[in-house]
Structure formats: C-alpha cells, structure tokens
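Peer 1: Sending over a structure as structure tokens; questions will come in a sec.
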Amino acid sequence: MEIGTIGAGDFAQAFAKRVLKSGHQVKLSNSRGPESLREIVMRLGPGATAGTREEAAACEMVLLAVPWDNVPETLASLPEWKNQILIDGVNSYHGKAGAFTPVDVGNLSTSQFIAALAPGARVVKAFNHMPVPNLEADPVINGARRVAFISADDEGAKKQVQALLEDFGYSVIDLGNLRDGGLIQQAGGPLAGRNLLEQGERHK
C-alpha cells in the first residue's frame, strides 16, 4: 500500500519511517512542492517518494500532519475526497512551538471538525497522544508493546488503520467514535501525551 502524507515535518517523517519499515510505500507532500522534499526522500530511502499535496491525497490512506492553524486552508486546497482514509494526526493547538493555545471547536472533537472540512474522507483519529520521539522509538520495550489509540465513525476505516498500526508493532486500543474517542485522546484529553505500554498479547 502507498500511504500519503499532507505535511512533511518531523512527525510525518517519523511516521514515514514506520510505514517503510512495515513494508509499505510513502508519498510525502508539503506546501512548498516535491522539489523541496528531495533530501528528505533520499534520507528515507527506497519506497519513499515526494509528490504534490493532490497526489499524496489521492493515496488510499493519507496522514494529515500540518499545524492546526493550517488545517482549514490545507483541506480547502485539496480535490474532493473519494472515500480515502484520512488519518488525523494533528495536535489541536494554535501557534508554533513554545506558544501553544488549546483549540476550541465548541461541542465537537477536533477530529469531527476536521471531518466536516473533508467531506468524502473517512477520518480516523490516531497518533495524537504520541510525541515524535516515541513514534521514532522501537514499539517493543522489554517485551511490552507501546499502546496506540484510534477513534473513528467508520468501522471499516478504523480496522484498516488498526491493521497498519499493528504492522508497525503497536498494541492498538479502540476508543470508539470520533466524538467520544477523539475528545479522550486529543490535546487536553486524559490520554494526550501518555506513553503507555502493554505486556503480553491482546485478544484480537
């Protein structure tokens, strides 16, 4: 499977390494165009390519990894979604590093807000609780697997993302729908930033 990324910063690059290690391909994109990603793609190695945001968004599965303040403009610039899975990995803070202000989208989870901006996409919330160093680190520590949380309204999309995360080596916990599960794991929620490990195998 080829997985696209909308955004190519540290988080997207760490995700791309996991994608490649699990035997898939990745197409990275950013707002500056494919040429600006040449060195990153070379560092990532075989299986990594650079494309436009439109090309990345056309992949079967797509990671959204841009700063929150860029989300509306980024999604508005993309073609109509045609049932692709959109993984919401966005941290819901205004501003850049060092000047974070939590986002307020009223009675919605931030993933519901993103889903409303991307009609036709099947949105799955994942990775929000996991900082870049944890995503880069080995998923298995002393026999225990790092936990990854997922939330979605579309059960089929959720199962596909769960399978990907299990390919990565994580123990996956389903938190339910985009609203309830999203609120638990998004910035400010009780699971945001938590580094949890699970010993032994879970029943699938």
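The values are calculated or read from the model by the stated rules, or taken from the named source; none is laboratory data. Since this is a predicted model, take the numbers as computed values, not measurements. Virtual Cβ from ideal backbone geometry, glycine too; neighbours counted across all protein chains shown. Quick note on the areas: whole protein, heavy atoms, side chains included, nothing else; ligands and nucleic acids left out. Shrake-Rupley method; radii C 1.70, N 1.55, O 1.52, S 1.80 Å.
Peer 1: Would you mind getting me the FRET efficiency between Ala144 and Ala192? Use the beta-carbon distance for r and R0 = 22 Å, nearest 0.05.
Peer 2: Efficiency, from the Cβ-Cβ distance: 0.60.
Peer 1: Using a/c under 1.5 as the rounded threshold, could you call the stretch 113-167 rounded, prolate or oblate? The axes a ≥ b ≥ c are square roots of the C-alpha gyration tensor eigenvalues, and prolate needs a/b larger than b/c, oblate otherwise.
Peer 2: prolate
Peer 1: Using +1 at the Cβ of each Lys and Arg and -1 at the Cβ of each Asp and Glu in the chain, identify which of Ala58, Ala118, Phe11 lies farthest towards the dipole's positive end.
Peer 2: Result: Phe11, furthest along the dipole toward the positive end.
Peer 1: Charges at C-beta only: +1 for Lys and Arg, -1 for Asp and Glu. How large is the resulting dipole of the stretch 5-143 about its Cα centre, in Debye rounded to 20?
Peer 2: Approximately 260 debye in magnitude.
Peer 1: Also, quick follow-up: Which shape class, rounded, prolate or oblate, goes with the stretch 46-164 when its Cα gyration tensor gives a ≥ b ≥ c as root eigenvalues, a/c under 1.5 marks rounded, and past that a/b bigger than b/c marks prolate? Can you show the working numbers first?
Peer 2: Numbers: a/c = 1.41, a/b = 1.15, b/c = 1.22.
Rounded, since a/c falls under 1.5.
Peer 1: How big is the stretch 20-91 along each principal axis, measuring the range of its Cα positions in Å and listing the largest first?
Peer 2: 31, 24, 23
Peer 1: Need one value: the accessible area of Glu166 in square angstrom, 1.4 angstrom probe, rounded to the nearest 10.
Peer 2: 60 Å²
Peer 1: Here's a follow-up. Provide the per residue accessible area, probe 1.4 Å, for the chain, rounded to a whole number of square angstrom.
Peer 2: Using a 1.4 Å probe on heavy atoms only, each residue of the chain averages 47 Å².
Peer 1: What are the ³J(HN,Hα) couplings of the stretch 162-170, residue after residue, when phi is run through the Karplus curve with 6.51, -1.76, 1.60 and θ = phi - 60°? Round to Hz, x for glycine and proline.
Peer 2: Here the 3J(HN,Hα) series is 4, 4, 4, 5, 5, 4, 5, x, 8 Hz.
Peer 1: Using the Cα centre of the stretch 8-133 as origin and beta-carbon charges of +1 (Lys, Arg) and -1 (Asp, Glu), tell me which of Ile87, Pro102, Val71 is placed farthest towards the positive end of the dipole.
Peer 2: Ile87
Peer 1: Charges at C-beta only: +1 for Lys and Arg, -1 for Asp and Glu. How large is the resulting dipole of the stretch 10-64 about its Cα centre, in Debye rounded to 20?
Peer 2: So the magnitude is around 200 debye.
Peer 1: Among DSSP beta bridges whose residues both lie in the chain, state the antiparallel percentage, nearest 5.
Peer 2: Counting only bridges with both partners in the chain, antiparallel ones make up about 30 percent.
Peer 1: Just read off the accessible area of Val132 with the full protein assembly in place, 1.4 Å probe, to the nearest 10 Å².
Peer 2: Accessible surface of Val132 is approximately 40 Å².
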